[in-house]
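Colleague: For reference, the structure I am asking about is given below.
The values are calculated or read from the model by the stated rules, or taken from the named source; none is laboratory data. All figures in this text were calculated on a predicted structure; none of them were measured in a lab. Every residue, glycine as well, gets a Cβ built from its backbone with ideal geometry; the counts of neighbours run over all protein chains shown. Accessible surface is based on the protein model in full, side chains and every heavy atom, while ligands, DNA and RNA are left aside. Shrake-Rupley method; radii C 1.70, N 1.55, O 1.52, S 1.80 Å.
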Amino acid sequence: CQFARRSQWTWHMHAHYRSWTTALRLIALAVILILAPARGWAEPVVLKLSFFTSDRSTVYECHVKPFVDAVNADGAGIIQIHVYFSGAISASQPEQPKLVLSGAADMALIVPGRTPEDFPDSFVFALPGLFRNDEEASLAFTRLVEDNALQGYSRFFVVGAHVSVAENIHSRKPIATISDLKGQRLRVNNEVEADVLKRLGAVPVVLPLNRAMDSLSEGTIDGVVVDPSVLAEFGFSRLAQNHYLLGLGAAPLALVMNREKFTSVPPHAQEIIRKYSGDWSAKQKAACSGAKAREVIAQLRAAPRRAVIDPSPADLATARAAYDAAIQAWTAASPHNRELIDKVTAALARPRKNGN
């Protein structure tokens, strides 16, 4: 009997221990569920990014891909960006801002020069000779966006405010000196570049990048003014064998997100977007496009059938006079333009930071 009582007592003690162990495990699981970060228990936010050309283009690799890759890696389980390439949403450059504002896309790379009525202040970043290089120009662009000092951007969260490397002249016709530009019909990105080319005797034609090759093939233009890194991917190098490295202006571009969409995503997702925006984006773009431009120019110089011309000191002086005249004319056009020049000067002196 004594043995039976001892066994019964032992059985009750084991049962009591098991019940307490189970209870403690349930409490621990409840605490984990309460304290676990959202990334483990919710579907990630998926954003649609509209891009007007190929994923193999330098424009994508330098202006968009660094941001997309960084966010998708850092934001796994929180936020993911899906890119719709080659105009899958729309191939029209002027349509890109409207896609973002309408909600047809959450993000897009826009070319302000294609819709000057919406982004008139962006022309300040296309003025030739105003900046030492594209990184400096992009950082100034970023500062003015942060200050909400540029018309047209307030409805967007601007991920990246970029300015292309200096654009050169690539023509079917020989260009040995700056005087050979006279009468040549050359594709340009915006009216600021057009003004400079007029002062140098050329005939500018404002065309979107992804439409210029048709005009070059048909002979309606003689050449293009573009960043050298896009020569091959848009087909220009097949016809344009003469390359005049004048460094004529630049093209502002911006990677933008619908601001209402940005504020609607979870705070942690907003933090990740901000982390890879602003100065981070500008510096990534400058490093990428600068390396690609140097590589392409080296290849052009090595090609036996191509003429790659560096302007003489006299030609550079002529170009500088045209640049200064264009800047002065643009500045004098309105008090607002004068204010923008002053803001650019002040922005260049500010310390760097991320986000906007």
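Colleague: With every protein chain left in place, what is the accessible area per residue of the range 246-293 in square angstrom, probe 1.4 Å?
Modeller: Accessible area per residue: 35 Å².
Colleague: Need one number: nm distance between label points at A298 and K98, each 7 Å from Cα along Cα→Cβ, rounded to one decimal.
Modeller: 4.4 nm
Colleague: Counting other Cβ atoms within 10 Å of each Cβ, which trypsin sites (Lys or Arg not before Pro) in the range 247-356 have at most 12 and sit in a DSSP loop? Could you put the intermediate results ahead of the total?
Modeller: On the way: sites: R259, K261, R274, K275, K283, K285, K292, R294, R301, R305, R306, R320, R338, K343, R352, K353; in loops: R305, R306, R352, K353.
Here the sparse-neighbourhood loop sites are R305, R352, K353.
Colleague: Something else: Would you be so kind as to identify all helices of the chain, as entire DSSP H runs, whose Cα atoms reach 15 Å or more along the helix's own axis and whose mean Kyte-Doolittle hydropathy is at least -1.0?
Modeller: Values: long enough: 2-35 (50 Å, 0.24); 134-146 (18 Å, -0.14); 279-302 (35 Å, -0.42); 313-332 (28 Å, 0.21); 335-347 (18 Å, -0.64).
Correct list, ordered by number: 2-35, 134-146, 279-302, 313-332, 335-347.
Colleague: In whole percent, and with a 1.4 Å probe on the protein chains, what portion of the accessible area of the range 131-211 is carbon and sulfur? Before the final figure, lay out the partial values.
Modeller: Numbers: 1350 of 2980 Å².
For the range 131-211, the apolar C and S fraction of the accessible surface comes to 45 percent.
Colleague: May I ask you to give the percent of accessible area on the range 261-356 that is carbon plus sulfur, with a probe radius of 1.4 Å?
Modeller: Details: 3050 of 5350 Å².
On the range 261-356, the fraction of accessible area on carbon and sulfur atoms equals 57 percent.
Colleague: Roughly speaking, what is the stretch gain from H336 to K198, that is 0.36 nm per residue apart minus the C-alpha to C-alpha distance, in nm to one decimal?
Modeller: Numbers: separation 138, 0.36 × 138 = 49.68 nm, distance 2.42 nm.
Fully extending the segment from H336 to K198 adds 47.3 nm.
Colleague: Indicate the gyration tensor shape class of the range 218-356 (rounded, prolate or oblate), computed on the Cα atoms with a ≥ b ≥ c the square roots of the eigenvalues: a/c under 1.5 is rounded; otherwise a/b larger than b/c is prolate and the rest oblate.
Modeller: Numbers: a/c = 2.29, a/b = 1.43, b/c = 1.61.
Note, shape of the range 218-356 comes out oblate.
Colleague: Okay, moving on. Working with all protein chains in place, sort C62, C288 by solvent-accessible area computed with a 1.4 Å probe, largest first.
Modeller: C288, C62
Colleague: Picking from A73, A322, A251, which is most flexible by a Gaussian network model of the chain using Cα springs under 10 Å?
Modeller: Residue with maximal mean-square fluctuation among A73, A322, A251: A73.
Colleague: Quote the FRET efficiency, to the nearest 0.05, computed for L348 versus Q151 with a Förster distance R0 of 22 Å and r equal to the Cβ-Cβ distance. Present the calculation step by step, with values, prior to reporting the outcome.
Modeller: Working: r = 20 Å, r/R0 = 0.92.
After rounding to 0.05, the efficiency reads 0.60.
Colleague: Return one whole number: the accessible area per residue of the range 124-231 in Å², for a 1.4 Å probe. Before the final figure, lay out each step's value.
Modeller: Values: 3620 Å² over 108 residues.
Per-residue accessible area for the range 124-231 comes out at 34 Å².
Colleague: Cut-off under 26 Å on the C-alpha distance; same-chain residues fewer than 8 positions from K48 excluded. Which lysines are left, in chain and number order?
Modeller: Of all the lysines, those that pass the test against K48 - Cα under 26 Å, at least 8 places apart if same chain - are K65, K98, K261, K275, K283, K285.
Colleague: I've got another one for you. In terms of the Cα gyration tensor, with a ≥ b ≥ c the square roots of its eigenvalues, is the range 123-282 rounded because a/c is under 1.5, prolate because a/b exceeds b/c, or oblate?
Modeller: Prolate shape, in that a/c is at least 1.5 and a/b is the bigger ratio.
Colleague: Hey, another quick one. Suppose accessible area is computed on protein heavy atoms with a 1.4 Å probe; arrange L197, L348 from highest to lowest.
Modeller: Details: L197 0, L348 75 Å².
Greatest to least solvent exposure: L348, L197.
Colleague: In whole Å and largest first, what semi-axes does the C-alpha gyration tensor of the chain yield when each eigenvalue is scaled by 5 and square-rooted? All intermediate terms of the calculation are to be shown ahead of the outcome.
Modeller: Working: eigenvalues 636, 95, 59 Å².
Output for the chain: semi-axes of 56, 22, 17 Å.
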